């Protein structure tokens with residue numbers, strides 16, 4: 001039954017696409033997105049051919065910047081569809097009221113956990129987990145077990161092994177900070193637990209963890225499997241990173257993710273139709289396109305993230321080497337926006353001793 | 001005659017209009033939105049700054065590191081400039097041209113080069129450790145103020161070297177000779193003759209280096225590590241991550257205020273020099289004669305080459321070697337769209353885009369910069385007005401790129417000026433940053449043109465354009481080349497707000513580098529280094545071409 005409904009909607013979608021072609025030959029849809037966005041040529045070409053819509057892509061900075069720009073240009077948007085707001089910035093975008101609701105029929109195949117906005121002002125497109133990556137060879141050579149919890153990272157055997165990113169300016173850095181907050185809580189919590197995330201960070205820094213400005217510096221500048229200069233075999237990165245260390249000649253990957261319970265934070269990326277668009281119909285088609293199996297299966301190798309559509313198959317390399325954590329840290333997205341500045345300020349004070 | 005004059009005044013207004021439209025208007029718009037949302041003032045940002053010890057410390061550190069960087073840069077560049085002015089040696093103009101190379105490289109890449117050289121596992125440490133059989137690396141500069149200063153000097157050395165050299169090249173040695181005859185030597189000549197004579201050029205380059213390092217972002221973040229933060233870093237954080245616009249605006253204004261204060265000191269120190277004695281370069285530069293002169297020349301050039309070029313060579317080396325074996329795979333990978341991405345740009349396209357933007361920027365910055373310099377130095381213009389105009393045109397250099405980027409999208413949003421997603425916004429943003437370089441490069445020379453020479457020419461019946469062509473232009477030519485080189489470099493290196501505006505798919509070389517460095521995998525890293533090497537190669541070729549244009553087209557004095 002469900003399948004038939006799905007097929008019918010798909011046909012309707014394509015028909016409405018045809019109508020648009022008939023009405024107006026040159027609809028140009030502008031997608032506003034971040035610098036990490038990418039899509040295969042043929043996948044986008046298929047959409048353009050099927051709908052007659054020309055897609056232009058405007059990119060600037062990261063997800064946070066895209067949201068800020070959309071808020072500053074509210075009512076007179078830079079484009080029609082925004083892609084790239086994640087759950088750490090979602091609340092800011094929703095509060096600013098920059099999206100027109102649209103409930104895509106394809107949401108049927110998307111797990112409930114990804115649908116964070118009941119009003120469907122944003123549609124989930126992909127997700128990725130920020131997890132620790134480790135240098136497999138280093139841990140094997142030193143006969144060192146892989147840490148199994150965040151708390152393990154403060155043990156003496158892991159002294160000077162971990163490089164993390166500054167949560168104030170790095171998105172995976174913030175994700176990791178949130179994971180530690182979910183695990184240890186904050187001083188403001190009412191519970192009896194008196195070991196907070198700030199205590200954990202004090203211990204982590206005392207255990208010689210290195211904090212860098214960005215993912216690039218951490219991964220390519222300090223991680224042992226990222227560059228020749230690196231001396232840290234543990235790095236805060238993505239669960240999707242290990243497939244990219246696959247070596248065809250040796251047929252092995254040199255890194256793996258640690259996906260133990262509570263050690264990862266899940267970033268979900270959303271798309272939304274920008275209020276003020278003159279191409280709402282085309283924008284809806286584009287949202288449907290982004291949820292379609294074709295686009296969703298394209299996502300892993302273009303953007304290093306996972307599809308939210310359960311019908312989409314993962315590429316072989318991903319299926320084999322990218323682990324998906326079953327119990328990522330859970331933090332309410334509204335709490336993130338409300339507390340981000342305080343969390344980071346307290347973190348900065350703790351880590352820098354200011 | 002009067003028509004000429006009115007046309008001239010009209011021309012002089014062009015840079016002002018450009019600045020007003022593309023800089024002041026967006027800047028005021030974003031300040032207005034940040035500090036006066038809903039038509040009532042929100043000055044919470046200022047209160048936060050004033051009451052917080054953290055921001056006071058940040059301000060002090062920002063100024064302190066900028067002062068140190070400036071002093072070091074000028075101190076090292078002065079002997080270099082002497083060598084380039086007074087001596088003839090092989091490959092002189094080539095060396096001078098490519099000394100500007102560090103300036104085009106993104107900080108992430110330069111950081112890589114420095115850790116390959118002097119990092120804990122770097123070449124220098126490995127050699128020292130094996131030579132003296134040491135257990136730990138003797139050079140431990142990572143995340144210290146020293147490494148920030150070293151890299152600041154690495155970036156800015158060429159600004160000082162080139163600006164001072166271009167000014168010095170036409171300064172006569174007669175006073176110096178006289179002083180020597182009267183028994184002065186060594187430091188006395190430096191202190192009493194050369195330094196006062198070079199003051200305009202030293203100050204002009206010092207103010208640029210100061211502002212550049214004052215707004216330093218990447219170097220401090222990447223190499224300094226988390227314990228160091230400049231105002232620029234705070235603005236970035238407040239504007240992008242916290243979205244606290246009142247605080248970001250207040251910090252931006254603080255930055256601008258410091259720059260204005262520095263410019264005020266600068267104009268104070270930069271008193272007009274009453275009589276300047278000019279001489280042809282051919283009479284000033286000669287081959288080194290005494291063994292001491294030869295040693296001085298070799299030590300100077302040696303230091304410069306080692307300091308500037310070994311980090312660059314380390315980059316090129318790494319782009320060509322994988323696991324100890326020579327390979328071109330990173331370069332070939334740059335041309336193949338392995339992931340079949342719609343946004344992929346083959347290397348040649350990125351090079352093309354970069355060159356196009358850089359050429360447009362250079363031409364625009366030269367035209368506007370020359371007019372600006374005449375506007376500032378001009379007779380007929382009130383001294384007080386010109387004193388305010390000068391810092392005004394320096395402002396884009398001292399304005400946080402994030403702030404200006406936001407300004408662009410909220411101000412330039414209605415037709416016919418809806419430039420928010422236009423490709424033109426990129427060369428416009430580059431030109432804004434490039435104009436101060438052109439102005440500073442030619443202003444000292446422009447001010448030193450003796451009035452009586454031009455008056456004599458006028459009395460002898462030369463029309464204004466003839467005077468400009470035969471007197472001004474040859475004397476300004478060196479400064480123009482330096483200005484053009486830096487304008488070109490600013491654009492190639494992608495400085496300024498253009499990184500913070502939404503751009504259509506016109507990737508430049510630095511953008512490709514950033515994108516590659518944002519993805520895991522050894523091939524991406526290698527490709528980023530290969531693209532950086534190409535960026536250096538293309539820039540070096542362009543610098544040499546710019547130099548050629550001068551020797552072919554414009555006369556020399």
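The values are calculated or read from the model by the stated rules, or taken from the named source; none is laboratory data. Remember, predicted model here, so these are calculated numbers, not experimental data. No Cβ is skipped: glycine too gets one built from the backbone with ideal geometry, and neighbour counts run over all protein chains shown.
Quick notes
- Residue among B:242, B:209, B:193, B:233 that is facing chain A (nearest Cβ under 10 Å) and over 19 Å from residue B:407 (Cβ atoms): B:233
- Test: residue in segment A:192-201 that is over 24 Å from residue B:113 (Cβ atoms), within 9 Å of chain B (Cβ to nearest Cβ) and not in a helix (DSSP H, G or I): no
Quick grid of which residues meet (1) more than 11 Å from chain A (Cβ to nearest Cβ); (2) modelled with pLDDT under 85; (3) in a loop (DSSP other than H, G, I, E, B):
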| site | (1), (2), (3) |
| --- | --- |
| B:456 | yes, no, no |
| B:462 | yes, no, yes |
| B:473 | yes, no, no |
| B:486 | yes, no, no |
| B:491 | yes, no, no |
| B:513 | no, no, no |
| B:527 | yes, no, no |
| B:530 | yes, no, no |
| B:557 | yes, yes, yes |
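- When segment A:33-54 is filtered for residues that are outside any helix (DSSP H, G or I) and closer than 19 Å to residue A:304 by Cα, the ones remaining, listed by number, are A:33, A:34, A:35, A:36, A:37, A:38, A:39, A:40.
- Residues in segment A:225-253 that are more than 9 Å from chain B (Cβ to nearest Cβ), assigned to a loop (DSSP other than H, G, I, E, B) and surrounded by fewer than 22 Cβ atoms within 10 Å (Cβ to Cβ): A:248, A:249, A:250, A:251.
- Scanning segment B:49-92 for residues that are within 23 Å of the chain's Cα centre (by Cα) and more than 18 Å from residue B:145 (Cβ to Cβ) returns B:74, B:77, B:78, B:79, B:80, B:81, B:82, B:83, B:84, B:85, B:92.
- Of the criteria (1) under 30 Å from residue B:509 (Cβ atoms); (2) modelled with pLDDT of 85 or more; (3) in contact with a helix residue (DSSP H, G or I) (Cβ under 7 Å, 6 or more places away or on another chain); (4) not in a loop (DSSP other than H, G, I, E, B), which one residue B:95 fails: (3)
- Enumeration of residues in segment A:76-100 that are out of contact with any strand residue (DSSP E or B) (no Cβ under 7 Å at 6 or more places or on another chain) and more than 10 Å from chain B (Cβ to nearest Cβ): A:91, A:94, A:95, A:97
- Some residue of segment B:252-273 being more than 14 Å from every other protein chain (Cβ to nearest Cβ), outside any helix (DSSP H, G or I) and surrounded by fewer than 13 Cβ atoms within 10 Å (Cβ to Cβ): yes
- If the condition is being without any contact (Cβ under 8 Å) to a residue 12 or more places away in the chain, within 13 Å of chain A (Cβ to nearest Cβ), outside any loop (DSSP other than H, G, I, E, B) and farther than 18 Å from residue A:59 by Cα, then segment B:322-366 contributes only B:325.
- Residues considered: B:160, B:111. Of these, the only one that is touching a helix residue (DSSP H, G or I) at 6+ places or on another chain (Cβ under 6 Å), within 14 Å of chain A (Cβ to nearest Cβ) and part of a helix (DSSP H, G or I) is B:111.
- Failed criterion for residue A:267 (all others in (1) within 11 Å of chain B (Cβ to nearest Cβ); (2) surrounded by fewer than 24 Cβ atoms within 10 Å (Cβ to Cβ); (3) under 17 Å from the mean Cα position of the chain (by Cα); (4) touching a residue at least 60 places away in the same chain (Cβ under 8 Å) hold): (1)
- Filtered by the rule that a residue be at pLDDT below 90, crowded, with 23+ Cβ neighbours inside 10 Å and more than 7 Å from chain B (Cβ to nearest Cβ), segment A:61-75 gives a lone residue, A:63.
- With respect to the conditions (1) modelled with pLDDT of 85 or more; (2) over 26 Å from residue A:66 (Cβ atoms); (3) surrounded by fewer than 18 Cβ atoms within 10 Å (Cβ to Cβ), residue B:423 falls short on a single one, namely (2).
- Among the residues of segment B:118-144, those that are surrounded by fewer than 18 Cβ atoms within 10 Å (Cβ to Cβ), in a helix (DSSP H, G or I) and within 13 Å of chain A (Cβ to nearest Cβ) comprise B:123, B:124, B:126.
- Matching residues in segment A:138-172 - criterion: being more than 12 Å from chain B (Cβ to nearest Cβ), assigned to a helix (DSSP H, G or I) and touching a helix residue (DSSP H, G or I) at 6+ places or on another chain (Cβ under 9 Å): A:151, A:152, A:153, A:154, A:158
- One residue from A:78, A:31, A:58, A:82 being closer than 22 Å to residue B:422 by Cβ, over 17 Å from the mean Cα position of the chain (by Cα) and modelled with pLDDT of 95 or more: A:31
- Filter result for residue A:295 (farther than 30 Å from residue A:158 by Cβ and assigned to a strand (DSSP E or B)): no
- Candidate set from segment A:320-354 (those that are farther than 24 Å from residue A:260 by Cα and not in a helix (DSSP H, G or I)); member that is modelled with the highest pLDDT: A:353
- Count of segment A:279-300 residues, restricted to those that are within 14 Å of chain B (Cβ to nearest Cβ) and surrounded by fewer than 20 Cβ atoms within 10 Å (Cβ to Cβ), is 2.
- Residue identified as surrounded by fewer than 24 Cβ atoms within 10 Å (Cβ to Cβ), assigned by TED's automatic domain parsing to the domain that holds residue A:250, without any contact (Cβ under 8 Å) to a residue 12 or more places away in the chain and out of contact with any strand residue (DSSP E or B) (no Cβ under 8 Å at 6 or more places or on another chain) among A:141, A:112, A:118: A:141
- Inclusion of residue B:263 among residues that are out of contact with any strand residue (DSSP E or B) (no Cβ under 9 Å at 6 or more places or on another chain) and farther than 23 Å from residue B:148 by Cβ is warranted.
- A single entry from B:451, B:412 fulfils the requirement of being more than 17 Å from the chain's Cα centre (by Cα) and crowded, with 20+ Cβ neighbours inside 10 Å: B:412.
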